[in-house]
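*Asks:* I have a structure here, written as structure tokens, and I will follow up with some questions on it.
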Amino acid sequence: MVSIKTILSEGFKKCSPLLIIFFLLACSKEPAGVVYNTGNPPPVIIDSTPAKTYLALGDSYTIGQSVATNQRFPVQTVELLSILGIKMKQPDIIATTGWTTANLNSTLINNSPANTYDFVTLLIGVNNQYQGRSQEEYRVQFTELLSKAVFYAGNKKRRVFVLSIPDYSVTPFAQNSDTAKIAREINEFNAINKQITDSAGISYLDITPISREARNNPSLIATDGLHPSGLQYQRWAALLAPLMKAAL
């Protein structure tokens, strides 16, 4: 009996070299759609980078009086930083409606944060103006608070950000008051905190002009007729988040 091997061998002898090459190529072609496992699975990428931390110090503007928690400017800032690719924890907020620099300072002395933070913001002073407290007292106490903020940021000044005091003279709440006097005094208190902040080499974010847009834009005011709305806080956060990212 003649074997298949012999038949194939004799057949190849009678074929032209070009036909043999075509036959071999046709036989070696892989079926369409077949993917061969190389034995090496794709690597699993695990993000072990620790999330950044943020401490926000202030008063009603920081705690977000009359807006939902997710509309507070520190919370919206964290959300924007996450969108910018920075892994963030939710902010720690030490702030209460009505606090002056003295209230915030006393709270921090008695209950100082146990850990340091990657970012710290400070916005304080409107109640000093509202309560008629002296500008000299504000200067001394704001200087102390700024020093504490730097300490809480691990003594990294570039990670600390001061926000100016908003101007509530443009709100419905103030319309039966001396709005020109309020605006003038807000400017004076802001001149103090800016001078101290600049002298310390710390970033200063002037959000007062945004607050004054509320004179002609009611959507920037919360339902209480006094505090900023979530939309206004969103605009603050849109300015603050890129500064924080750059500080890294």
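*Asks:* With a cut-off of 20 Å, note down the residues of the range 128-161 whose backbone N falls inside the zone around a label point 7 Å from the Cα of Ala246 toward its beta carbon.
*Replies:* 150, 156-161
*Asks:* Here is a follow-up. For the range 162-242, just say rounded, prolate or oblate: build the C-alpha gyration tensor, square-root its eigenvalues into a ≥ b ≥ c, call rounded for a/c under 1.5, and beyond that prolate if a/b exceeds b/c, oblate if not.
*Replies:* Numbers: a/c = 3.15, a/b = 1.30, b/c = 2.41.
Taking the square roots of the gyration eigenvalues as a ≥ b ≥ c, the range 162-242 is oblate.
*Asks:* My understanding is that a pair violates if its Cα-Cα distance is over 23 Å; which of Lys89/Lys157; Lys52/Lys157; Lys87/Lys194 do that in this structure?
*Replies:* Beyond 23 Å between Cα atoms: Lys87/Lys194.
*Asks:* A further question follows. Once the whole set of protein chains is in place, how much accessible area is left on Glu137, using a 1.4 Å probe, in Å² to the nearest 10?
*Replies:* Roll a 1.4 Å probe over it and Glu137 shows about 50 Å².
*Asks:* Moving to a separate point now. On the protein heavy atoms, probe 1.4 angstrom, tell me the percent of accessible surface of the range 96-248 carried by carbon and sulfur. Provide the component values of the computation, followed by the final result.
*Replies:* Values: 3390 of 6830 Å².
About 50 percent, which is the carbon plus sulfur part of the accessible surface.
*Asks:* Once you sort the root eigenvalues of the Cα gyration tensor of the range 41-139 as a ≥ b ≥ c, which label holds: rounded (a/c under 1.5), prolate (a/b larger than b/c) or oblate (the other case)?
*Replies:* The shape class here is prolate.
The values are calculated or read from the model by the stated rules, or taken from the named source; none is laboratory data. Please read these numbers as outputs of a predicted model, since none were measured by experiment. Ideal geometry is used to build each Cβ from the backbone, glycine not excepted, and the neighbour counts take in all protein chains shown. Calculation scope for accessible area: heavy atoms of the full protein, side chains included, ligands and nucleic acids excluded. Shrake-Rupley method; radii C 1.70, N 1.55, O 1.52, S 1.80 Å.
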